[in-house]
Amino acid sequence: MNAGPFDTSQVILGENLEELAKLPDGSFQMIYIDPPFNTGRDQSRRTMRTVADADGDRTGFEGRRYRTELLQKSSYRDSFDDFLGFIAPRLEEAHRLLNDTGTLYFHIDYRESHYCKLLLDEIFGRENFLNEIIWAYDYGARAKKKWPAKHDTIFVYAKDASVNYFDSEGVDREPYMAPGLVTAEKVAKGKLPTDVWWHTIVPTNGSEKTGYPSQKPEGVVRRMVQASSRPGDWCLDFFCGSGTLGAVAASLGRHYVLIDSNPEAIEIARRRLGLAEEPPRVA
């Protein structure tokens, strides 16, 4: 286990390229990034609640009246004229910051995935490409003139595939689809997930929901952290959004560094992680 870049886990408000340059080489065992997908539009999410109100403008069960209140609105601009020019120097920093046994998980969708794969091959080397994970979900697009998009792509790269750390025994198992075809012992243990991950998005009424746009579910990130890091290792997300990597890393006994330039994201992440005030940075 390599020494970490700080004494304790960090949540940092700042432009990620500038903040990454301050971190020492080989500081992290695992990096997960979920950059903007270059959708060409503003991403927003509103958190609402309903309140009983005899004069409310809505009618519910048994004619009861209520009103809705806006608790929070979060948004960010998801549009780039040159997405590859934007992401390339950040991927180069990710490569520098991984230790020799480390792994990058790069989360993207169909708009830029094919371009990003070529860029990742150039920076990490095709020989260090490990997986193309498909995260399939059951909510979202309702296209009628083409097949609705219901998946994201996660590219997995090793810093050095010949010594890459991967703990298949540490990953939460899935049930067998045909349990009658395997032994009782295997049924009890479950099977290692493949490179197609069926997992719902964050439920709108779930306790995990933060109200941040494009929040990713802990269950998806948990597999990555379990497989590619050990307790006490350092994990990095420099497009941290709502802080899902930090929440998962903390629950599994890992350290984390989260970076985002959006004050809303940092506020949500810090609140989610129970951090009341900005901790002191270690030089």
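The values are calculated or read from the model by the stated rules, or taken from the named source; none is laboratory data. None of these values were measured; they are calculated from a predicted model. So basically every Cβ, Gly included, is an ideal-geometry build from the backbone, and we count neighbours across all protein chains shown.
Which of the residues that make up region 1-35 are touching a helix residue (DSSP H, G or I) at 6+ places or on another chain (Cβ under 9 Å), of a type in the set (Ser, Thr, Tyr) and not in a strand (DSSP E or B)?
Listed by number, the residues that qualify are Ser9, Ser27.
Of all residues in region 162-194, how many are aliphatic (A, V, I, L, M) and touching a strand residue (DSSP E or B) at 6+ places or on another chain (Cβ under 7 Å)? Spell out how you get there, then give the answer.
Residues of region 162-194 aliphatic (A, V, I, L, M): 163, 171, 177-178, 181-182, 184, 187-188, 192.
From the residues that got through so far, the ones that are touching a strand residue (DSSP E or B) at 6+ places or on another chain (Cβ under 7 Å) too are 163.
Residues flagged as aliphatic (A, V, I, L, M) and touching a strand residue (DSSP E or B) at 6+ places or on another chain (Cβ under 7 Å) within region 162-194 amount to 1.
Report the residue count in region 124-136 for those that are surrounded by fewer than 16 Cβ atoms within 10 Å (Cβ to Cβ) and either touching a residue at least 12 places away in the same chain (Cβ under 8 Å) or touching a helix residue (DSSP H, G or I) at 6+ places or on another chain (Cβ under 6 Å) (or both).
5
Can you spot a residue in region 191-202 that is charged (D, E, K, R) and in a strand (DSSP E or B)? Quick ask: steps written out before the conclusion?
Initially, region 191-202 is screened for residues charged (D, E, K, R), giving 191, 195.
Filter once more, keeping what is in a strand (DSSP E or B): 191.
So far as region 191-202 goes, yes, one or more of its residues are charged (D, E, K, R) and in a strand (DSSP E or B).
Tell me yes or no: at least one residue of region 106-127 is among the polar types (S, T, N, Q) and either in contact with a Phe, Trp or Tyr (Cβ under 7 Å, 6 or more places away or on another chain) or farther than 18 Å from Asp82 by Cα (or both).
Checked against the condition, which is being among the polar types (S, T, N, Q) and either in contact with a Phe, Trp or Tyr (Cβ under 7 Å, 6 or more places away or on another chain) or farther than 18 Å from Asp82 by Cα (or both), region 106-127 yields no hits at all.
Go through region 221-247 and report how many residues are surrounded by fewer than 24 Cβ atoms within 10 Å (Cβ to Cβ), in contact with a Gly (Cβ under 7 Å, 6 or more places away or on another chain) and either touching a residue at least 40 places away in the same chain (Cβ under 8 Å) or of a type in the set (Asp, Glu) (or both).
Selection size over region 221-247: 3.
Scan (1) exposed (fewer than 15 other Cβ atoms within 10 Å of the Cβ); (2) at pLDDT 95 or above; (3) in contact with a Phe, Trp or Tyr (Cβ under 9 Å, 6 or more places away or on another chain) for the single condition Asp100 breaks and write down its number.
Single failed check for Asp100: (3).
Let me confirm something: among Pro203, Pro213, Pro217, which residue is under 10 Å from the mean Cα position of the chain (by Cα) and at pLDDT below 95?
Pro217
Can you name the residue in region 151-185 that is surrounded by 12 or more Cβ atoms within 10 Å (Cβ to Cβ) and in contact with a Gly (Cβ under 6 Å, 6 or more places away or on another chain) and is also farthest from Gly219 (Cα to Cα) among such residues? Walk me through it before giving the result.
Taking region 151-185 and keeping what is surrounded by 12 or more Cβ atoms within 10 Å (Cβ to Cβ), we get 151-161, 164-166, 170-174, 176, 179, 182.
Now restrict to residues that are in contact with a Gly (Cβ under 6 Å, 6 or more places away or on another chain): 159, 173-174.
Numbers: Lys159: 24, Arg173: 12, Glu174: 12 Å.
Applying the filter and picking the extreme gives Lys159.
Does Ile108 satisfy being closer than 30 Å to Pro203 by Cα, of a type in the set (Val, Ile, Thr), within 19 Å of the chain's Cα centre (by Cα) and surrounded by fewer than 17 Cβ atoms within 10 Å (Cβ to Cβ)?
Criteria not met by Ile108.
Considering region 111-156 alone, what residues qualify as being in a helix (DSSP H, G or I) and either under 14 Å from the mean Cα position of the chain (by Cα) or of a type in the set (Asp, Glu) (or both)?
The answer is Asp121, Glu122, Glu127.
Can you pull out every residue in region 243-268 that is assigned to a loop (DSSP other than H, G, I, E, B) and more than 13 Å from the chain's Cα centre (by Cα)?
Step one: list which residues in region 243-268 are assigned to a loop (DSSP other than H, G, I, E, B), which gives 243, 252-254, 261-262.
If the condition is that a residue be assigned to a loop (DSSP other than H, G, I, E, B) and more than 13 Å from the chain's Cα centre (by Cα), then Leu252, Gly253, Arg254, Ser261, Asn262 are the ones that fit.
All but one of (1) farther than 18 Å from Ala247 by Cβ; (2) in a helix (DSSP H, G or I); (3) not hydrophobic (A, V, I, L, M, F, W, C) hold for Gly219; which doesn't?
(1)
Go through (1) loosely packed, with under 14 Cβ neighbours inside 10 Å; (2) among the charged types (D, E, K, R); (3) touching a residue at least 24 places away in the same chain (Cβ under 8 Å) for Glu218 and report which single condition fails.
(1)
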